[in-house]
Amino acid sequence: MQQAEKHIAIFASGGGSNARKIIEYFRNSDQIAVKLVVVNKRDAGVLEIAESFSIETLVISRTAFANPDFLLPALVERNIDYIALAGFLWLVPAFLVDAFPRRILNIHPALLPKYGGKGMYGHFVHEAVKAANERESGMTIHLIDNEYDRGETLFQVRCHLEPEDSAEQIAAKVLALEHRYYAAVLEQFILKGEVNADSMSEGL
Ligand code: GAR
């Protein structure tokens, strides 16, 4: 079998529906492979998903996550080139951001810079969007830096909201966009070094 050129580690904390989409998307790729799923909760659903695809998993404690002597060798040993955060709720430590410059991507379920920052994740985001009576929401894929949800935006896509949409309905609309685009954005960024929004929507 041909060796995959680029290796991704997915970091996730929850159910892992985005992780599943990414794993499925690259399953038959000979250029990109998901090699590792890093999880910060032993009961996270994403663990089962990774195992069902025979992808190695690593459950980390807060202490291990903050320790360069643990995490960096674990990533280097597996030749990880890129990290995709997919519903990962801890702030990535500075040593990791420095070790993977422009190589850590995050997905956020809103149109950053709105509805981002510490504590803004999952349903909290959609509840805030609902409370503000927004007519649109969407998702953002961005590079990470040392603050929550602040790095350079690579790709953003919007969805229309109806006044009667509940926070759950908003979440479903946004998640559908996440599932549709995250893996393809990762692929384009990894292979071409940039994301072309026009080609992204034409190709899908
Ligand atoms: C996704 O909606 C993702 O955008 C969000 O968590 C969800 C994870 O779902 N991430 C954040 O809110 C980060 N601030 P999943 O586990 O089913 O992929």
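Listing for the model above:
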item	result
Those residues of the stretch 131-148 which are more than 17 Å from Leu177 (Cβ to Cβ) and out of contact with any Gly (no Cβ under 9 Å at 6 or more places or on another chain), in sequence order	Ala131, Ala132, Asn133, Asn146
Tabulated pairs, the stretch 15-33, first among the charged types (D, E, K, R), second crowded, with 21+ Cβ neighbours inside 10 Å, C-beta under 6 angstrom, 6+ apart or interchain	Arg20/Ile49; Lys21/Ala183
Residue count for the stretch 147-159, restricted to those that are open to solvent by 20 Å² or more (accessible area, probe 1.4 Å), closer than 27 Å to His7 by Cα and not acidic (Asp, Glu)	6
Qualifying residue in the stretch 191-202 (condition: in contact (Cβ under 8 Å) with a residue 60 or more places away in the chain and out of contact with any His (no Cβ under 7 Å at 6 or more places or on another chain))	yes
Count of the stretch 130-173 residues which are in contact with a helix residue (DSSP H, G or I) (Cβ under 6 Å, 6 or more places away or on another chain) and free of Cβ contacts under 8 Å to residues at least 24 places away in the same chain	1
Residue match in the stretch 151-159 (condition: under 30 Å from Thr63 (Cα atoms), within 13 Å of the ligand (Cβ to nearest atom) and either part of a helix (DSSP H, G or I) or at pLDDT below 95 (or both))	yes
Residue check, Leu105 within 16 Å of the ligand (Cβ to nearest atom), in contact with a Leu (Cβ under 7 Å, 6 or more places away or on another chain) and at pLDDT 95 or above	yes
Checking Gly16 against (1) on the phi < 0 side of the Ramachandran plot; (2) within 16 Å of the ligand (Cβ to nearest atom); (3) at pLDDT 95 or above, the condition it does not meet	(1)
Every residue from the stretch 125-146 that is loosely packed, with under 14 Cβ neighbours inside 10 Å and either assigned to a helix (DSSP H, G or I) or within 12 Å of the ligand (Cβ to nearest atom) (or both)	Ala131
Count of the stretch 160-183 residues which are assigned to a helix (DSSP H, G or I), surrounded by fewer than 18 Cβ atoms within 10 Å (Cβ to Cβ) and of a type in the set (D, E, K, R)	2
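The values are calculated or read from the model by the stated rules, or taken from the named source; none is laboratory data. These numbers were taken from a predicted model, which means no experiment stands behind them. All Cβ positions, glycine included, derive from the backbone under ideal geometry; neighbour counts span all protein chains shown. Remember, those area values only see protein heavy atoms, side chains included, never the ligands or the DNA or RNA. Shrake-Rupley method; radii C 1.70, N 1.55, O 1.52, S 1.80 Å.
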